[in-house]
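Heads up: the structure comes next, in structure tokens.
The values are calculated or read from the model by the stated rules, or taken from the named source; none is laboratory data. Keep in mind the model is a prediction, meaning the values are calculated, not measured. Because the Cβ atoms are built from the backbone with ideal geometry, glycine has one as well, and the counts that use them run over all protein chains shown.
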Amino acid sequence: MRFSLQTASLRQLVLLSFFLALIPVAVLLWQSHKALTGLSQHAVEEAETSVASVRRAENMQNLVVDIERAIRQHTVVKTAALARVAGSHLDSYQSLLSQVCDNIGQPQLCQQQQYQLSLLLDNFSSLAGNELEPVLQQFRTQQQQLTQQIWLLLEQKLQQQLLFVEASQQQLAWQTVALVLLTLLLVLWASGRITAPVHKLDKMIRAIGQQHQFPDEKLTGPRELAELGEQLRWLSSRLQQLEALRLILLRHASHELKTPLSSIREGCSLLSEQLLGPLNKQQLEVVGLLNGSADRLSVLTEQLLDYNRLLQQAKPEPEWHSPQQLFNDCFNDHALSLQQRGQQIDLSCQLSAIYTDATLFRRILDNLINNAQAYGSQDSPVWVKLYQQEHQLVLDVANNGNPIPDALKEKLFEPFQRGTTPRFDSIQGSGLGLSIVADCARLLAGHADIVDVIYADVCIRVRLPLLEGKPA
């Protein structure tokens, strides 16, 4: 089976990336071993050469002393044995001199010493004491110069060895930097092969969650991630089909429900007004029940359609508005229901203009006033406050009544969640009112929660950011 990056699994790609990253490390280890081996071999060779040079220099220095002693003794005694000893020392010195001259590279000094050595070999037995002394003195002086030259050569070799070590270290450092960079590039390439599909998956998921256009580009990368991308594509297509079916259902429901509801309400109104004939007490009670049920069904239908319209609104359109005007319009719409329960609005508005989406803000206000009217106490005020706190716009709607348990404060903002407190009006709640408030607040980049205040039993607070804009 042929391996391909396009069809490789995530495990194969990770293993391949690991081995690719190990290649420069292995090369670096091999280069380091090679450099250290070369340095150690060079150091051993130089040490052996230096030891041999020092040994030769000491031997030559000792031979000079032995040659002088043997020649002086021969000059006094004049025996053949002393002549042979002196000759043997001179031959040994000549052998060492040829080796030293091959290494130090001083031909002139070597020639002079070779001349003095030849002079001693040929004439030490025939020269008198006063003639021999200058020759030995010159021989000894040139040997000292040779020794100095050997030590100078050793120092030069030591400096060369230090330079060689520094050059090897610098070369190894550059190789290390290059291989580390290569390793980093391989790691970045391998991580890019893995993270790029992950970023695309994140983009696909966000497109599904925000109901945006799903990317048409096919996801490429590890086989598991590619398969997950195709499953997300199928999921997006399925969700679009379900969304289309939901919209069709709601449109049909709004049309199919409103028409018979209107007919039922008109019929109940005719019967309750007894325009079609007199009704007894029991019949009037039945008509009242039918009329209440029709009203409740109408309100629930409107709330469901309103909640659907809210979900479809993707982006707020803020403008400058007068909060006082928004409050007045809202209070006028709820005036009759508030009047029936003897409730009055206690308004405190500290802002003259707000920059917000009027539709969303009005939905928040409508649902909060309706909630306070339905669950508030009889003949009790409804407190409405709008003020600025730090960098937030705060809206409080509070009422007296049964306090909300702490365990229910979060759940009440979820769709179709209702509290245990009964409504005081004739309409049974649907559990969408506070959910619509929370969703509108989220669309405005804010949030809603239930807080405790000293002047009321229940207070729902909506915090919205202060949006920037130019007044009209």
Next on the checklist: Quick check on Ala21: is it closer than 30 Å to Glu227 by Cβ, in contact with a Lys or Arg (Cβ under 7 Å, 6 or more places away or on another chain), surrounded by 12 or more Cβ atoms within 10 Å (Cβ to Cβ) and modelled with pLDDT under 80?
Outcome noted: no
Residue in region 222-229 that is at pLDDT 75 or above, surrounded by 13 or more Cβ atoms within 10 Å (Cβ to Cβ) and of a type in the set (D, E, K, R) present: no
Checked region 356-391 for anything aromatic (Phe, Trp, Tyr), crowded, with 17+ Cβ neighbours inside 10 Å and under 22 Å from Leu443 (Cα atoms); matches are Phe361
- Message: Condition first: modelled with pLDDT of 75 or more and surrounded by 12 or more Cβ atoms within 10 Å (Cβ to Cβ). Can you find one or more residues in region 240-248 that meet it?
- Response: yes
Counting only residues in region 199-221 that are surrounded by 14 or more Cβ atoms within 10 Å (Cβ to Cβ) and not in a helix (DSSP H, G or I), the one modelled with the lowest pLDDT is identified as Gln211
By my count, strands (runs of 3 or more DSSP E) wholly in region 319-396 with at least 2 residues that are more than 42 Å from the chain's Cα centre (by Cα) are 345-349, 382-389
When region 21-71 is checked residue by residue, the ones that are out of contact with any helix residue (DSSP H, G or I) (no Cβ under 9 Å at 6 or more places or on another chain) and among the polar types (S, T, N, Q) are Thr37, Ser40, Gln41, Asn62
Subset of region 439-472, residues modelled with pLDDT under 90, under 24 Å from Pro403 (Cβ atoms) and touching a His at 6+ places or on another chain (Cβ under 7 Å), comes to Ala441
